[in-house]
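Peer 1: Shown below is the structure under consideration.
Bear in mind these aren't lab numbers, they're just calculated from the coordinates by the rules spelled out. This one's a predicted model, so the numbers in the text were calculated from it and none came from an experiment. Please note: Cβ atoms are built from the backbone with ideal geometry, for glycine as well, and neighbour counts cover all protein chains shown.
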Amino acid sequence: MLVLGKYELNYNGGVEQVSRKWLQHLRQHEDIGKVCYIATKSSAEVEPLAAEGECLAPAQFHINTQPISFGYCVEYFRNVRDCDILHAHFPNIIAALLLLFAPAGKEVLIHWHADLLNKNKFFLLVGGSILRLACKRAKRIIVTSPQYAESSDIVRKFKSKIFIAPLTCRANETEEIIARRCDRYLLTVGRLVPYKGLEKLIEAMRLVEGDVKLKIVGKGPLRAQLEGLVHELGLRGKVELLGSVSASELNALYSECDAFVLNSNTRAEAFGVVLIEALSHAKPLLTSRLPGSGANYVNIEGVTGSYHDCDDPADIARNINALLQNSDLREVYSKNCTMRFSELFDDRCLPDYINAAVIPPEISRGFE
C-alpha cells in the first residue's frame with residue numbers, strides 16, 4: 001500500500017495523527033504487506049522516521065497552505081508501480097493530481113478529512129476541479145461523518161463511494177476521582193482561532209449563573225485578544241486561559257469538569273476530536289448548532305448533550321444554565337456519552353473500520 005500524506009507522521013496536525021493511527025493498524029493486517037508513506041517535510045530540519053517507512057521530500061513553495069514539492073512527485077512515481085492500493089489523505093492538491101496518473105488496476109482510496117476552505121476563488125475553482133477528478137478515479141471515499149459527507153459540494157456527488165469511518169481515541173482509563181474539587185467549571189479545548197467562537201463563549205459567561213468557571217486550553221493567535229476581552233468584561237475570576245497543558249493535566253481537566261463546550265462557528269470544525277475525548281470521560285456536550293459539521297454527529301441533541309446558537313451569548317448561557325441546574329439530566333447525558341463512545345469512537349472500533357474500508361470482505365482475514 002502506498003499512502004499519500006501532507007506532512008511527516010510526527011507533525012502535530014489532525015490529519016497526520018489520523019494517518020499515523022491508520023498506518024499502525026494497517027501494518028498489523030494479514031492482507032497487507034509493505035506500507036509506504038510519502039509526505040512533504042514541514043520544515044528543512046525534519047528527518048524521516050525509518051521505522052515508519054516514510055519517504056519525505058522538501059517543499060519548494062506553498063500555495064494557500066498546500067505544499068508543492070517536486071521530490072514528492074518523484075517518490076510517488078518511484079513507488080506507485082509496486083503497490084496495489086493507493087490511500088490518499090485529503091485535502092492535498094498534489095496528491096489528488098498524482099492520483100490522476102495512477103496506473104490502471106490500482107485501487108484508489110481517498111480519506112476526506114475536510115473540504116478546501118479558502119477565500120481565493122481561483123484556487124478553489126482549480127483545486128476543487130482536481131479533487132473532483134480524483135474522486136471519480138477513487139473506488140472509495142472515506143469520510144469521518146455522514147453530516148460532513150452530505151454537506152460537501154464535492155463528496156456528496158459520489159454517494160455510492162462514501163464510507164463513514166469516524167475518528168477514534170483511546171478510552172479513558174483514569175480511576176474515578178473520589179475527592180472532587182470544590183469549584184465547578186466548564187472546559188473547552190482547541191486552538192485560539194476565529195472559527196472556535198471563543199469570543200461569544202466568553203461573553204456568555206457573564207450570564208452563567210452561580211460560581212461556575214470556564215477553562216480554556218490551547219494556544220493561538222487570538223490569545224492576547226481574548227485576554228483583553230476577559231479583562232474588559234470583568235471576568236478574570238470566571239474565565240481562565242490555561243494555554244498548553246501536559247497530557248496528564250488535560251486528562252485531569254476532562255475528568256473534573258462539569259461539561260464540555262465547543263462553540264465553533266464554521267465547517268472548519270470538520271469533526272472535533274476534543275468532543276470524543278470528552279465523551280470518553282462521560283462528559284455532557286454543549287455544542288453549537290452547526291449544519292454540515294461532524295460535531296453534530298458526535299453530539300446528539302437530547303441524548304449526549306444539547307445545541308445552541310454560536311453567535312448568541314444569551315442562548316449559549318441558557319444552554320449552560322439549563323444543564324448545570326439539572327443533575328438528573330447531566331447523569332442521563334453522562335451515561336449516554338459512555339455508550340456512544342464505546343459504540344463508535346473507541347480506538348477498539350478502528351480495526352473494524354479499516355477492515356471494511358480497505359479490504360474487500362471476500363478476502364479479508366482481519367488483524368493478527
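Peer 1: Would you mind calculating the relative contact order of the chain from Cα pairs under 8 angstrom and at least 6 residues apart, reporting the percent as a whole number? Walk me through the numbers on the way to the answer.
Peer 2: On the way: 661 pairs, mean separation 52.8, N = 368.
It comes to 14 percent, rounded to a whole number.
Peer 1: Also, I was wondering about something else. Please order LEU242, LEU9 by the number of other Cβ within 10 Å, starting at the fewest.
Peer 2: LEU242, LEU9
Peer 1: Output ³J(HN,Hα) for region 352-357: one whole-Hz value per residue in order, computed from phi by the Karplus curve 6.51 cos²θ - 1.76 cosθ + 1.60 with θ = phi - 60°, and x for Gly and Pro.
Peer 2: 5, 4, 5, 4, 6, 7
Peer 1: Counting other beta carbons within 10 Å of each residue's own, what order do LEU26, LEU133, LEU250 fall into, fewest first?
Peer 2: LEU133, LEU250, LEU26
Peer 1: Hey, another quick one. Give me the tail of P(r) for the chain as a percent: Cα-Cα pairs with distance above 32 Å.
Peer 2: More than 32 Å apart: 36 percent of the Cα pairs in the chain.
Peer 1: To the nearest 10 degrees, how steeply does helix 247-256 sit against the main Cα axis of the chain, on a 0 to 90 scale?
Peer 2: Between helix and principal axis, roughly 40 degrees.
Peer 1: May I pose another question? Each residue of region 221-232 in turn: what ³J(HN,Hα) in whole Hz from Karplus with 6.51, -1.76, 1.60 and θ = phi - 60°, glycine and Pro shown as x?
Peer 2: With coefficients 6.51, -1.76 and 1.60, one gets x, 8, 3, 5, 5, 5, 4, x, 5, 4, 5, 4 Hz.
Peer 1: While we're looking at this one, here's another question. At 25 °C and 0.890 mPa s, grab the translational diffusion coefficient of region 184-345 from Stokes-Einstein with a Kirkwood Rh over Cα pairs, rounded to a whole number in µm² per second.
Peer 2: On the way: Rh = 15.5 Å.
Rounded, D is 159 µm²/s.
Peer 1: About the Cα centre of the chain, how large is the charge dipole given +1 on each Lys and Arg Cβ and -1 on each Asp and Glu Cβ? Please answer in debye to the nearest 20.
Peer 2: Roughly 1100 debye for the chain.
Peer 1: Can you put GLU227, GLU30 in order of Cβ neighbours within 10 angstrom, beginning with the fewest?
Peer 2: Exposure proxy ranking, most exposed first: GLU30, GLU227.
Peer 1: Also, I was wondering about something else. Can you give the helix-only mean residue ellipticity at 222 nm for the chain, where every DSSP H stretch with n ≥ 4 adds -39500 (n - 2.57) and the sum goes over all residues, rounded to the nearest 500 deg cm²/dmol?
Peer 2: One gets -10000 deg cm²/dmol as the mean residue ellipticity at 222 nm.
Peer 1: Next question. Cross-link list LYS41/LYS159; LYS159/LYS283; LYS106/LYS159: which exceed 26 angstrom alpha carbon to alpha carbon?
Peer 2: Listed pairs above 26 Å: LYS41/LYS159; LYS159/LYS283.
Peer 1: What angle do you read, to the nearest 10 degrees and between 0 and 90, between the alpha-carbon axis of helix 313-324 and the longest principal axis of the chain?
Peer 2: Compared with the principal axis, the helix lies near 80 degrees.
Peer 1: What's the angle, to the nearest 10 degrees (0 to 90), between helix 14-26's Cα axis and the longest principal axis of the chain?
Peer 2: It works out to around 60 degrees.
Peer 1: Residues with amide H under 5 Å of LYS283's amide H, sequence separation 5 or more or different chain, H placed in the peptide plane at 1.01 Å from N; which?
Peer 2: none
Peer 1: So for the pair ASN10, ARG132, with labels modelled 7 Å out along Cα→Cβ, what separation do we get in nm?
Peer 2: Spacing of the two 7 Å Cα→Cβ label points: 4.1 nm.
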